[in-house]
Amino acid sequence: MPFPSRLLPLALVLASTAAQGAPDAGAIGASATTASSGLEPAFIDPSVRPGDDFFRHANGRWLATAEIPPDRGVWGVSGELEERLRLQTREILEAAARSNAAPGSLERKVGDFYASAMDEAATESKGLAPLKPALSRISALKTKADLATYLGEELRADVDAMDCTNFRTSRLFGLWVAPGLNAPAQSVPFLLQGGLGMPDREYYLSTDPTMVETRTKYRAHVEAVLTLAGIEDAAKRAGRIVDLETKMAQVHATRLESLEVKNANNPWPVTEWSRRAPGLDWARFFRSAGLSSQPVVFAWHPKATAGLSALVAHEPLESWKDWATYHVVDRRSVYLGRPFRDEAFAFYGRVLRGTTEQAPRWKRAQDWMNELVGEAVGRLFVERHFTPRAKAAASEMVKAIAAAFVRRIDALDWMAPSTKAEAKSKVQSLYVGVGYPDRWLDWSGLEIRRNDLVGNVDRAVLFHLRQQLALLGKPVDRTAWCMLPQVVDAVNLPMRNALSFPAGILQPPFFDLDAPAAVNYASIGGTIGHEISHSFDDQGSLFDSTGKLRNWWTKEDLVHFQASGAQLATQFDAYRPFPDLHVNGKQTLSENIADLAGLAAAHDAWIGTLGGAPAPVVKGFSGDQQFFLAFAQSWRTKFREPLLRQVLVSDGHAPDPYRAQTVRNLDAWYPAFDVMPGQTLYLEPKERVRVW
Ligand SMILES: [Zn+2]
């Protein structure tokens, strides 16, 4: 997944844009409405030598003048595209809300949901009333057995360990329904660790002064939310809640551990959970979660599962009730009246992301709908903004880059024939979704009321859970998507051996039917190659062409691959955005390998389109210059410091500026920009990392 702005857990994005304050009109800059062609000479800063800092060379003049909009923590090319898509989606949602379409129709549900989300006056007048049933449910808990039933009732399908990766849920556990690791033809349930209100265990445990300060602010936030909800002894309870979450954080797996698929292959029979993770009454939990008829449930985080379960037994019931109460309110704060929204923004927006202003309501409403009924919105979006011609052209590029990848595999001198054969079979059996899923979801079971925002939200989340539960034990649909058609992103689904390229990213400037081939191949082509290469990186190489967790590499090949990876990790470890914080080469390794392999395959595929002829000069740039500049400009991004720090700590991707520097590993980049020894990015040919 290439774009950090999309990589934060959606809940965080929602919370960060939450709460109101800005007027609903005129919030979008002019740049949002114009699409550039993918290579913009005006952005280049000739005073920075390409060999010293290619990102700054390609984007320096833009960096000098660009301003991050007040409602965002990061700004750049994907943000601009997102804003354009937002305006297009706004038109769709407003039209649906006005349409008075037939009751039960997709357009009517979307329109009614949007109307409920825009009705700010209704949220004010209802106050805390929509939460009353959920709060009384918690008050009624009398025993740990009741608590187990409650925790099971609260389970939602809100995490995703490998596809649209999201390890974050404030519920004690999160459910992910996916192909089985050992028998990928069938869907199985995975339980992932949860329970934290802040993004990661590091926020609770790190001694870094910024983190310590964030922790203090979190405690104040918890207290403020409880106070707003009219709960007595808010300060004391907030202390207990944060203490409980800190204990959860202590047993949580780290981000790196979460990414170790091999640790996650724990198909525990449901009857054995009480023995393997004693503490929580699992029989009750699974019964109320709708999972008791499953033969096995996979424990993605076995140690954390045991640790959290033990906490249920050892921590006082009152602390758990406080914790549950806080999260019932906090999760819905953004949908409530102004004091709640403001408090949510103050912490999730200002403190965690450095955002200075709340997004206008129509944007927040759109975010909620993408989160909750996103595919329904996406269906209306692609009908209007993704042409069959674009779909055909993008599909052709995917084919050309996949073919280039196969040629590169063939040319590797270090890889054993057996490994090569499986690698090629993986590319050749890839299922590639372009634009939108082949089959649309059936929304008929979801009730939407025009005047009930919190109810719509709760019903949509529950609808999603039921849909996911209904997949269990059924044959896996390889064509299914985890991503919305209208987002600026792309994804590799290793257990399905499938890729998805949403209509939202197949738009200018990433993909433009009128742009030069070099530009399209560098920009969207780099992303296509990136996603293909995920099939073969440290994660993808764990899965064979059928999606089964099976090592198909010879030992020697793996050693070679890991050595190249270590070299790349060292390269990225050396990037230091702050004196006290550097890019984590190991944490970002898969994505950096994907960038490198993707760029190399896209370059090959583009050269292939020339059929031996020289590339046409465009705007004074040679073909290779167009290619590499377009690549670096596709990472044109500016961060606010808190979000950049958050990305460095918890994201699997390096920040965009460093991703642009990937070019230094390609031989063709050197002559194109006269890069010489002694320049910052210069690498001796033997130091250039060549993974694929
Ligand atoms: Zn990726």
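Bear in mind these aren't lab numbers, they're just calculated from the coordinates by the rules spelled out. Given the structure is predicted, the values throughout are model-derived calculations rather than measurements. So basically every Cβ, Gly included, is an ideal-geometry build from the backbone, and we count neighbours across all protein chains shown.
In order along the stretch 343-359, the Karplus-derived 3J(HN,Hα) couplings, from 6.51 cos²θ - 1.76 cosθ + 1.60 at θ = phi - 60°, round to 5, 4, 5, 4, 8, 6, x, 6, 6, 7, 10, x, 6, 9, 9, 6, 5 Hz, and Gly and Pro are given as x.
Taking each residue as 0.36 nm, the span from SER139 to ALA393 lengthens on full extension beyond its C-alpha to C-alpha distance by 85.7 nm.
As an exercise, use a Förster radius of 35 Å and the Cβ-Cβ distance of GLN186 and GLU556 to find the FRET efficiency, rounded to the nearest 0.05. Once rounded, the FRET efficiency stands at 0.55. Converting phi to 3J(HN,Hα) with the Karplus coefficients 6.51, -1.76 and 1.60 and the offset θ = phi - 60°, the stretch 248-256 yields 4, 4, 4, 8, 5, 5, 6, 4, 5 Hz in sequence order, with x at every glycine or proline.
How large is the helix-only mean residue ellipticity at 222 nm for the chain, computed as the sum of -39500 (n - 2.57) over DSSP H runs with n ≥ 4, divided by its residue count, in deg cm²/dmol to the nearest 500? Before the final figure, lay out the partial values.
Numbers: 28 runs with 345 residues, N = 692.
-15500 deg cm²/dmol, from helical runs alone.
Using +1 at the Cβ of each Lys and Arg and -1 at the Cβ of each Asp and Glu in the chain, identify which of THR89, ALA235, LEU484 lies farthest towards the dipole's positive end. The residue sitting farthest along the positive end of the dipole is ALA235.
The C-alpha atoms of the chain define a longest principal axis, and helix 623-633 lies at about 20 degrees to it. Against the chain, whose longest principal axis is taken from its Cα atoms, helix 589-609 shows a tilt of about 40°.
Once you sort the root eigenvalues of the Cα gyration tensor of the stretch 397-544 as a ≥ b ≥ c, which label holds: rounded (a/c under 1.5), prolate (a/b larger than b/c) or oblate (the other case)? Taking the square roots of the gyration eigenvalues as a ≥ b ≥ c, the stretch 397-544 is oblate.
Summarising the strand pairing of the chain, around 75 percent of its internal DSSP beta bridges are antiparallel. Placing a label point 7 Å from the Cα of THR356 along the Cα-to-Cβ direction, the residues of the stretch 624-639 whose backbone N falls under 19 Å of that point are 637-639. Each residue, ASP208 and GLU422, gets one label point 7 Å from its Cα in the Cβ direction; the gap between the two is 3.7 nm.
With +1 on each Lys and Arg Cβ and -1 on each Asp and Glu Cβ, how big is the dipole of the stretch 125-225 about its Cα centre, in debye rounded to the nearest 20?
Values: 12 positive and 11 negative charges, 100 e Å.
With Lys and Arg at +1 and Asp and Glu at -1, about 480 debye.
Summing Cβ point charges (Lys, Arg +1; Asp, Glu -1) relative to the Cα centre of the chain gives a dipole of roughly 1220 debye. Maximal additional length on extending the GLU67-SER444 stretch stands at 131.4 nm, based on 0.36 nm per residue less the C-alpha distance.
The modelled label-to-label distance between LYS619 and LYS217, using points 7 Å beyond Cα along the C-beta direction, is 3.8 nm. Toward the positive end of the charge dipole of the chain, with +1 on the Cβ of Lys and Arg and -1 on the Cβ of Asp and Glu, the farthest Cα among PRO133, GLN468, SER425 is that of PRO133. Per-residue extension of 0.36 nm, minus the Cα-Cα distance of ASP410 and ASN451, leaves a gain of 8.8 nm for this segment. Dipole check for the stretch 389-447: with +1 at the C-beta of Lys and Arg, -1 at the C-beta of Asp and Glu, and the Cα centre as origin, the magnitude is about 300 Debye. In this structure, ALA42 and GLN467 have a Cβ-Cβ separation that, at R0 = 41 Å, corresponds to a calculated FRET efficiency of about 0.30.
Scanning residues 5 or more positions from VAL491 or on other chains, those with amide H under 5 Å from its amide H are SER500, with H placed 1.01 Å from N in the peptide plane.
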